[in-house]
Amino acid sequence: MNLPFDFDFTLRTVALGAAILGIVSGTLGTYAVLRGQSLLGDAISHAALPGIALAFLLTGARAPLVLVLGAALAGWAGALGVIAITRRTRVPYDAALGLVLSVFFGAGMVLLTYIQRLPSGQQAGLDTYLFGQAAALLPRDIAVMSVLGVAALVVITLLWKELKLLSFDPEFGASIGLPVRRLDILLTTLLVIAIVIGLQAVGVVLMSAILIAPTAAARQWSDRLGRTVFLAALFGAAAGVTGALISASAQRMPTGPTIVLVAGCVVAVSLLVAPGRGLLAEAIRHWRARRDLRELALLEDLFIVARQHENPLHPHPPIVLRTMTSRPDTVAHTLRSLERRGWVRRGRDDVWALTEEGWRTASDTFGDWTPENWRKPRRSPALDGS
Amino acid sequence: MSAAAGRQVHVGDGRVGGADVAAIEVRDLTVAYRDRPVLWDVDVTVPKGVLMAIVGPNGAGKTTLIKAILGLVRPAAGQVLINGAPFDARRREVAYVPQRGSVDWDFPTSVLDVVMMGLYGRLGWLRRPGAAERTAALAALEKVGIGALADRQISQLSGGQQQRVFLARALVQDAPIYLMDEPFQGVDATTERAIVALLQELRALGRTVVVVHHDLQTVPEYFDWVLLLNVRRIAAGPVGEVFTDENLRATYGGRVPYLRQAHVEPPAPAPAAPFRLGRAGGE
């Protein structure tokens, strides 16, 4: 059915759409996550569903602009609902999110079911808005997405420092005259835009993942807002394009889940291997610190034993050292790493002695040794050297 | 002079120099969260050039007073004047140091960046901070003794260093009035001394500094002016006149154990600050 040319063209449209939605969601998602509003996106996207259905019912057509407008208005109403409930009532923020999300989504499902029963409803295929269908993206959809996306990015760029301050310290911002209330509404509006851009391809159910995941990954690799936003946009685009292409290549595979799976992989890799904040880096740091401390403690034990000898470089069997520590099982291993540093020497049989250098290092580290402070190194060149 | 003048009959009310306008004038201020009043009919006058502590028990409304002065909470009644005009007209004349715990220190930004935020108000919309702002921010960081940390990610700072960053951000605002919410909270002795020296330097420059403070013992040593607050204003004025046993008991409801000790056993070679002796009984 698909001619090669058509297929290529469709694929390019899908990839372009996914890239745009990834960039915009990654960018706006960063602000949502940093402001502790990760789940606001979830409420907004679910709230958009009845808007889409109503827009279709009112106009009877599936024009992208109309549906986007309906989605945006309903999403916005949902966001305002969350804010109003939190401000006016004693319902806490997370409960307000849950309420709005489920009530709007429920309304959306009712309307959707009703539409499915209409003669025109079957072919409207609004149910693809649940889990997304990137393959259904048309050039006119892309046009709407690009215009909205570029507008959102321009606003972010122009108000860069204001939005940074709003996200980091809104009270201080208010004290210097930043209109925090209005900026808050603006940023929420941009979030709504990012969400409606992505709805058709990703779907209302999983939209929040494409807001949160790229940021979570980007934050692992960067300590600055600019780089975090850039990387989140990049990861968002990569996950969007990869996921959309995977789903487009299989029959009737919803796009949302594939995009989210790809984004999830990016997050998993980032959590694991990112330098500094990654789990691996953390584990290595932890392991090194423990090893260094064990070496230091053993060096001190050797020093204590050596000081009681006329010849400080006299060798001792490890059993002596084992009695001095709570972790005797580590002594043999640690002795070998001290040997690699050139601080201890192995004599004939299994006896060990400080080298000249080891003695000097130990004296520098534990030089003011007295019976009272013998466990308190004043500083540790032994550690600094590692 | 003011509508509230008739009410201001408290001892040691902070008016100096007759014609001189007060740095901060709070009149009949009432703030309520829902149905609970946090501040009730508070009148305070902070003269120019004083270093004032706001003390009072938890929930006394100290932070709320600061926020009300800054227009961050809307009062149910009352008025605040900064150098004789409403806050909106005097925004540039007030620098603010919020509580350290009020922000997420894992936010992806650098120390220098945070300090430069103090200049955003002056920069105005759309303009990005440039070389001049960097220089000013670096100078402020040097001033608080952490110039070397300018490029650090803020999550790598200790509590004392975080506090210094906030102080530096207020310093670049270069304002005649400073409002600080618990700048000594959770900092070590070294940082506390450094901050006190800075505050006293600001006062020496003629700035007005208002500090929410928790450690009663150090009030006479650090400050020359004090406001005792417990929802209502108990007393305000020079420390020597107002920081009395009686006022403190009125503020804390008679639960100031270390002060009692200090008075039962007067200090032998009495320095100016008798309360410091009671340290052993402190919390």
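The values are calculated or read from the model by the stated rules, or taken from the named source; none is laboratory data. Not measured: the values here are computed from a predicted model. A quick note on method: Cβ atoms are made from the backbone with ideal geometry, for glycine too, and the neighbour counts reach across all protein chains shown.
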Is it the case that A:PRO312 is outside any helix (DSSP H, G or I) and at pLDDT 85 or above?
no
B:ARG100: within 12 Å of chain A (Cβ to nearest Cβ), of a type in the set (Lys, Arg), more than 24 Å from the chain's Cα centre (by Cα) and surrounded by 15 or more Cβ atoms within 10 Å (Cβ to Cβ), yes or no?
no
Counting only residues that are surrounded by 16 or more Cβ atoms within 10 Å (Cβ to Cβ) and part of a strand (DSSP E or B), segment A:321-359 contains a total of 5
Only one of these is touching a helix residue (DSSP H, G or I) at 6+ places or on another chain (Cβ under 7 Å) and more than 16 Å from B:ASP28 (Cβ to Cβ): B:LEU51, B:LEU39. Name it.
B:LEU51
Counting just the residues of segment B:133-161 that are of a type in the set (Asp, Glu) and within 12 Å of chain A (Cβ to nearest Cβ), which one comes out farthest from A:ARG227 (Cα to Cα)?
B:GLU133
Selection from segment B:70-89 of residues free of Cβ contacts under 8 Å to residues at least 40 places away in the same chain and in contact with a Pro (Cβ under 9 Å, 6 or more places away or on another chain) yields B:GLY71
Residues of segment A:110-154 being polar (S, T, N, Q) and without any contact (Cβ under 8 Å) to a residue 24 or more places away in the chain, in sequence order, are A:THR113, A:GLN116, A:GLN122, A:GLN123
Odd one out for A:ARG252, checked against (1) more than 14 Å from chain B (Cβ to nearest Cβ); (2) more than 11 Å from the chain's Cα centre (by Cα); (3) free of Cβ contacts under 8 Å to residues at least 12 places away in the same chain; (4) assigned to a helix (DSSP H, G or I):
(4)
Per the list (1) more than 14 Å from chain A (Cβ to nearest Cβ); (2) crowded, with 18+ Cβ neighbours inside 10 Å; (3) not acidic (Asp, Glu), residue check on B:ASN58 breaks on (2)
Leading residue by the ranking (surrounded by the most Cβ atoms within 10 Å (Cβ to Cβ)) among those in segment B:165-192 that are among the charged types (D, E, K, R) and closer than 24 Å to B:ASN58 by Cα
B:ASP181
What's the total number of residues in segment A:223-243 that are among the hydroxyl-bearing types (Ser, Thr, Tyr), away from chain B (no Cβ under 14 Å) and crowded, with 22+ Cβ neighbours inside 10 Å?
0
Residues that are in contact with a strand residue (DSSP E or B) (Cβ under 7 Å, 6 or more places away or on another chain) and away from every other protein chain (no Cβ under 14 Å), drawn from segment B:66-97:
B:PRO75, B:ALA76, B:ALA77, B:GLY78, B:GLN79, B:LEU81
With A:ALA151, A:ALA174 as the choices, which residue is more than 14 Å from every other protein chain (Cβ to nearest Cβ), assigned to a helix (DSSP H, G or I) and not hydroxyl-bearing (Ser, Thr, Tyr)?
A:ALA151
Residues of segment A:119-148 being in a helix (DSSP H, G or I) and touching a Pro at 6+ places or on another chain (Cβ under 7 Å), in sequence order, are A:PHE131, A:ARG140, A:ASP141, A:VAL144
Lone qualifier among A:ALA19, A:ALA74, A:ALA107, A:ALA48 - being buried (at least 24 other Cβ atoms within 10 Å of the Cβ), of a type in the set (A, V, I, L, M) and in contact (Cβ under 8 Å) with a residue 40 or more places away in the chain
A:ALA48
Taking the condition modelled with pLDDT under 90 and under 25 Å from B:LEU227 (Cα atoms), does B:VAL38 pass?
yes
Grab the strands (runs of 3 or more DSSP E) fully contained in segment B:41-101, keeping just those with 2 or more residues being of a type in the set (Gly, Ala, Ser).
B:77-82
Number of the exception - A:ARG87 against (1) in a helix (DSSP H, G or I); (2) more than 29 Å from the chain's Cα centre (by Cα); (3) within 14 Å of chain B (Cβ to nearest Cβ):
(2)
Residue count for segment B:120-132, restricted to those that are facing chain A (nearest Cβ under 10 Å) and assigned to a helix (DSSP H, G or I)
4
If you go through segment B:236-253 one residue at a time, how many are in contact with a helix residue (DSSP H, G or I) (Cβ under 9 Å, 6 or more places away or on another chain) and in a strand (DSSP E or B)?
1
For segment B:105-118, name all the residues that are surrounded by fewer than 20 Cβ atoms within 10 Å (Cβ to Cβ) and either touching an Asp or Glu at 6+ places or on another chain (Cβ under 9 Å) or in a helix (DSSP H, G or I) (or both).
B:SER110
Scan segment A:58-70 and report the pairs whose first residue is within 14 Å of A:LEU137 (Cβ to Cβ) and touching a residue at least 12 places away in the same chain (Cβ under 8 Å) and whose second residue is exposed (fewer than 14 other Cβ atoms within 10 Å of the Cβ) and among the basic types (Lys, Arg), with Cβ atoms within less than 7 Å and a gap of 6+ or a chain change.
A:PRO64/A:ARG140
Are any residues in segment A:201-222 surrounded by fewer than 21 Cβ atoms within 10 Å (Cβ to Cβ) and within 11 Å of chain B (Cβ to nearest Cβ), and if so, which ones?
A:TRP221, A:SER222
Could you please find all residues in segment A:154-171 being more than 7 Å from chain B (Cβ to nearest Cβ) and not in a helix (DSSP H, G or I)?
A:LEU159
